[in-house]
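Let me give you the structure first, and then I'll get to my questions.
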């Protein structure tokens, strides 16, 4: 196959629902073709951009705050369009996943497939675990990503190994 | 006469929330006021009652881009209060970690925040479409800094491996050796950065700044040195508060620092460079001169070049440290709590960062006082605007607004450290 498949769970596990991305990656372990790389990250743009190198398809999963009900799932095709304004980092020094995607697009480094799954968070207190609504959403978003990865994987004609 | 107000809601590419008001009367800039309305963050009060060992991790949270600076000023001040000294390989590792932060912070500012001003783009992402090779080079540089931070600090942002007395864990020599090749590439990229930025068009603006920076007997300053100025100041960090004071201004939640006689002063790359040119490695000095810099730089628009020089120095210094590194037998110097007071200043990417801690006998913090570089530079930013913008008043409004923003960005101000975006008001009659 040309290029790797990569799933990145983004967030800080010490900050309540910000750990959602990592929890999804933990749920996905053992449920994807072995060649699909699973990783977790804090979302720093340059490090994330670095991970895109040589990648054919990437799934990012992260928590977000947009005012929707906790546990709400949304999916974006970042190849088709930039992430909505509301999901962009409000910091200029701390560049986040949305900036990494736009930099990758500008530099011609955006993988051919780039899906972003977000889970609406409720609590981000230091040291807290996932809130019930977010914890309940983790298997669902995990299953969605697993299904998308499997379909994309089959399309490459690779063995399920 | 027509009175004109131009309001811009967001000045992008600076960190923190603030506003800028320029008052123009009869064709003359009367004054420029930088207002910071970033909410107060109460870190000094937060530290009171906490154990001194917690200070590096608490203060690291003041800033996502220069957490190492906060950790370093904190540990040095607390170690002084405790009467312990960190030397040898542990000291070298701290300096190496600081090199990582300088590389990371400067590369980000040069390529994604400042260069777009010179090349006429709204931001780094727009610039990347037309200058992909340059931006890739910048990102590669930043990544070299990130790798140093991740290896020594445990992660790229808000490192967790720094403690009073040293580190929680020190790397093996082999782990550092793996960074030699990326750092050698980074050094080449830094040289290319300098040559690239040297071609920019720099407004010919200079002021007679009072430069304040650390100075060390042998090294380009980073963790250690005396606080010196180009006006003859030469003091230990212990005497910082005797020479410098903070004032409150109604428009800002950040304090403004002044010399005790009321003079504003400048900290950061221009000050460091101008006071320590002779401490740069000879080949770095040559590269600086080849880029058109002298042994002193008073033009803040050229700070992009000085940052590139400092990235080059930091890459060379990192390689030097790695070359001589042998893992120390202990990751940290042990200490016993005691009552005391300690002061330290280190060189954050944006300039001098002063910390003072008073400790109780059980090692808990009785008082903490922190003066970040952007608070020190605020009045200098205002003075630059008042002075430089006069010469640009015949520009169309949009170009003039851009020039104001660029003048602020020269400082790479970290407003969230000092107390998120800048609103710009023109008051013109």
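Any chance you could count how many residues in segment B:24-82 are at positive phi and in a strand (DSSP E or B)? Reasoning before the result, please.
If we filter segment B:24-82 for residues that are at positive phi, which is where we start, we get B:26-27, B:42, B:49.
This time we only want the ones that are in a strand (DSSP E or B), so: none.
Residues in segment B:24-82 being at positive phi and in a strand (DSSP E or B): 0 in total.
Which one of B:195, B:190 is assigned to a helix (DSSP H, G or I) and surrounded by 21 or more Cβ atoms within 10 Å (Cβ to Cβ)? Working first, answer last.
On the way: B:195 fails: surrounded by 21 or more Cβ atoms within 10 Å (Cβ to Cβ).
On inspection, the qualifying residue turns out to be B:190.
Restricting to segment A:27-60, and then to whatever is more than 14 Å from every other protein chain (Cβ to nearest Cβ) and closer than 23 Å to residue B:151 by Cα, can you tell me which residue is surrounded by the most Cβ atoms within 10 Å (Cβ to Cβ)?
The extreme case among them is A:38.
Every residue in segment B:123-135 that is outside any helix (DSSP H, G or I) and surrounded by 19 or more Cβ atoms within 10 Å (Cβ to Cβ), please.
Answer for segment B:123-135, where residues must be outside any helix (DSSP H, G or I) and surrounded by 19 or more Cβ atoms within 10 Å (Cβ to Cβ): just B:131.
Going by the structure shown, is residue A:113 modelled with pLDDT of 90 or more, within 11 Å of chain B (Cβ to nearest Cβ), surrounded by fewer than 23 Cβ atoms within 10 Å (Cβ to Cβ) and over 30 Å from residue A:125 (Cα atoms)?
It is false that residue A:113 is modelled with pLDDT of 90 or more, within 11 Å of chain B (Cβ to nearest Cβ), surrounded by fewer than 23 Cβ atoms within 10 Å (Cβ to Cβ) and over 30 Å from residue A:125 (Cα atoms).
Give me a count of the residues in segment B:51-72 that are more than 26 Å from residue B:112 (Cβ to Cβ) and either within 14 Å of another protein chain (Cβ to nearest Cβ) or surrounded by 18 or more Cβ atoms within 10 Å (Cβ to Cβ) (or both).
Number of matching residues: 6.
Please go through (1) surrounded by fewer than 20 Cβ atoms within 10 Å (Cβ to Cβ); (2) within 12 Å of chain A (Cβ to nearest Cβ); (3) at pLDDT 95 or above for residue B:138 and return the number of the only condition it doesn't satisfy.
Failed condition: (1).
To continue, here is another question. Examine segment A:4-26 for a residue that is out of contact with any helix residue (DSSP H, G or I) (no Cβ under 6 Å at 6 or more places or on another chain), surrounded by fewer than 17 Cβ atoms within 10 Å (Cβ to Cβ) and on the phi > 0 side of the Ramachandran plot, and state whether such a residue exists.
Within segment A:4-26, not a single residue is out of contact with any helix residue (DSSP H, G or I) (no Cβ under 6 Å at 6 or more places or on another chain), surrounded by fewer than 17 Cβ atoms within 10 Å (Cβ to Cβ) and on the phi > 0 side of the Ramachandran plot.
Working only within segment A:99-110, note down all residues that are touching a helix residue (DSSP H, G or I) at 6+ places or on another chain (Cβ under 6 Å) and more than 8 Å from every other protein chain (Cβ to nearest Cβ).
Of everything in segment A:99-110, those that are touching a helix residue (DSSP H, G or I) at 6+ places or on another chain (Cβ under 6 Å) and more than 8 Å from every other protein chain (Cβ to nearest Cβ) turn out to be A:100, A:104, A:109, A:110.
If you scan segment B:151-174, which residues turn out to be surrounded by fewer than 16 Cβ atoms within 10 Å (Cβ to Cβ), in a loop (DSSP other than H, G, I, E, B) and away from chain A (no Cβ under 14 Å)?
Correct list: B:168, B:169, B:172.
Okay, next question. Kindly evaluate residue B:353 against the criterion of being modelled with pLDDT of 85 or more and not in a helix (DSSP H, G or I). Step through it out loud before you land on a result.
Working: modelled with pLDDT of 85 or more: yes; not in a helix (DSSP H, G or I): yes.
In short, yes.
Still on this structure, please answer the following. Filter segment B:111-122 down to the residues that are more than 13 Å from chain A (Cβ to nearest Cβ) and at negative phi, then identify the one that is surrounded by the fewest Cβ atoms within 10 Å (Cβ to Cβ).
B:119
The values are calculated or read from the model by the stated rules, or taken from the named source; none is laboratory data. Here the structure is a predicted model, which means the values were calculated and not measured. Because the Cβ atoms are built from the backbone with ideal geometry, glycine has one as well, and the counts that use them run over all protein chains shown.
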